[in-house]
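One structure below.
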Amino acid sequence: MNQLDHWLLPDGVEDLLPTTAAKLELARQSLLSLFSRWGYDYVMPPKLEFIDSLLTGTGKDLDLQTVKVIDQISGRLMGLPADITPQVARMDAHSIGGEGVSRLCYAGSVVRARPEGFVGSRTPIKVGAELFGDAEPKSDLEIVSLMVGSLLALGLSDVQLELGDVSLFRTLIDKAQLDEDTRDEIFALIQKKANHALAQATQRNIDDPRLADTINRLPLLCGDLSVLDEASELFAEHSDVLDGVERLRQLSHGLLNRYPNLRISIDLSELRGFNYHTGAVFSAYE
């Protein structure tokens, strides 16, 4: 092995040289200053945690992305965080505690086992804000408004926002009473907009044809704000799902009142658009 081989970095890992590092640091400080003005307190989660704590309440994807090591002191399995949101949720629940609304923000790098995409980084820098303890529509508006404000603060003027709500799918699929593997299969097909395969899966697994047809139409509900009117008609028999549609409508109107030039689209098959944990709404930016 020659000397140059000793200096090689793993695929997806790179140095940040002075010009790039300075720009990123300026952006980081700008965003953290904005978060502070909005009332969000800065936290610094650890760079290493026991797996039991790190992956509690997370999905399979994050488990696969987590780089794992053995603790030489305790012999237990530890992981390098692949995402900061679960760590901040843990800090809110177990370290900070207390009643009422909690607003926390963070900025730091994470480590991923594989890059996301062909040229993605395995050590992306994440900056985000988390709102815990309030699942009301006003909290949706606050956290998404802060995300839009963050993009504008970074100098982006032509912002397009796509909104979705995973609770619509969850409410519908709960009515079908399916096992976890089947739910995951249908979830993935909706995400891919694989309409033919989705129709086959729902026909095979869902006894109620009207419910199956409603789920099959989720990938078609994408476009401008008129999609919400289509959704209201489609979900007319499902009052609990209509609540989610109305929530998206209120959110869209509230955002346009704050940011009149914001372009908003709706995609009810983009089921990762909103994420809820312990009554909290979060949004993170890379």
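The values are calculated or read from the model by the stated rules, or taken from the named source; none is laboratory data. Treat the numbers as computed from the prediction; the structure is a model and nothing was measured. Neighbour counts are summed over all protein chains in view; Cβ atoms, including those assigned to glycine, are modelled from backbone coordinates with ideal geometry. To get the accessible areas, we keep the full protein, side chains included, count just its heavy atoms, and leave off ligands, DNA and RNA. Shrake-Rupley method; radii C 1.70, N 1.55, O 1.52, S 1.80 Å.
Some points to look at:
- Number of positions in the stretch 149-166 that are open to solvent by 40 Å² or more (accessible area, probe 1.4 Å) and out of contact with any Asp or Glu (no Cβ under 8 Å at 6 or more places or on another chain): 9
- Pairs with Cβ under 6 Å, 6+ apart, first in the stretch 112-125 and under 24 Å from MET78 (Cβ atoms), second among the hydroxyl-bearing types (Ser, Thr, Tyr) and not in a loop (DSSP other than H, G, I, E, B): THR123/SER109; ILE125/SER109
- Residues of the stretch 243-286 that are open to solvent by 50 Å² or more (accessible area, probe 1.4 Å) and modelled with pLDDT of 70 or more: ASP243, GLU246, ARG247, GLN250, HIS253, LEU256, ASN257, ARG258, PRO260, ASN261, ARG263, GLU270.
- Residue within the stretch 63-83 that is among the hydrophobic types (A, V, I, L, M, F, W, C), touching a helix residue (DSSP H, G or I) at 6+ places or on another chain (Cβ under 8 Å) and more than 26 Å from GLY12 (Cβ to Cβ) present: no
- Apart from one condition, ALA93 fits all of (1) in contact with a Phe, Trp or Tyr (Cβ under 9 Å, 6 or more places away or on another chain); (2) within 21 Å of ILE125 (Cβ to Cβ); (3) touching a residue at least 40 places away in the same chain (Cβ under 8 Å); (4) not polar (S, T, N, Q); the exception is (2).
- When residues of the stretch 50-76 are limited to those that are touching a strand residue (DSSP E or B) at 6+ places or on another chain (Cβ under 6 Å) and either part of a strand (DSSP E or B) or open to solvent by 50 Å² or more (accessible area, probe 1.4 Å) (or both), the one farthest from TYR106 (Cα to Cα): ARG76
So that you can scan it fast, the table gives a plain yes or no per residue for (1) more than 22 Å from GLU270 (Cβ to Cβ); (2) part of a helix (DSSP H, G or I); (3) open to solvent by 30 Å² or more (accessible area, probe 1.4 Å); (4) touching a residue at least 40 places away in the same chain (Cβ under 8 Å):
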residue: ASP134; (1), (2), (3), (4): yes, no, no, yes
residue: LEU146; (1), (2), (3), (4): no, yes, no, yes
residue: LEU198; (1), (2), (3), (4): no, yes, no, no
residue: THR202; (1), (2), (3), (4): no, yes, no, no
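- Only listed residue being under 30 Å from SER157 (Cβ atoms), among the small types (Gly, Ala, Ser) and touching a helix residue (DSSP H, G or I) at 6+ places or on another chain (Cβ under 9 Å), chosen from SER252, SER232, SER226: SER252
- The residues of the stretch 77-100 that are surrounded by 14 or more Cβ atoms within 10 Å (Cβ to Cβ) and either of a type in the set (S, T, N, Q) or closer than 30 Å to PRO137 by Cβ (or both), listed by number, are ASP83, ILE84, THR85, PRO86, GLN87, VAL88, ALA89, ARG90, MET91, ASP92, ALA93, ILE96.
- Checking PRO10, PRO86, PRO45 one by one, the residue that is in a loop (DSSP other than H, G, I, E, B) and within 17 Å of GLU130 (Cα to Cα) is PRO45 and no other.
- Verdict on GLY117 being assigned to a loop (DSSP other than H, G, I, E, B), surrounded by fewer than 15 Cβ atoms within 10 Å (Cβ to Cβ) and either under 20 Å from the mean Cα position of the chain (by Cα) or modelled with pLDDT of 95 or more (or both): yes
- Filtered residue count, the stretch 235-263, keeping only those that are within 30 Å of ARG210 (Cβ to Cβ) and either aliphatic (A, V, I, L, M) or in a helix (DSSP H, G or I) (or both): 15
- Every test in (1) among the acidic types (Asp, Glu); (2) more than 30 Å from LEU156 (Cα to Cα); (3) modelled with pLDDT of 90 or more is passed by ASP15 save one, and that test is (2).
- Sole residue being within 22 Å of ARG249 (Cβ to Cβ) and part of a helix (DSSP H, G or I), chosen from ARG170, ARG183: ARG170
- Unique match (being modelled with pLDDT of 95 or more, over 30 Å from LEU9 (Cα atoms) and within 22 Å of the chain's Cα centre (by Cα)) among LEU168, LEU198, LEU228: LEU228
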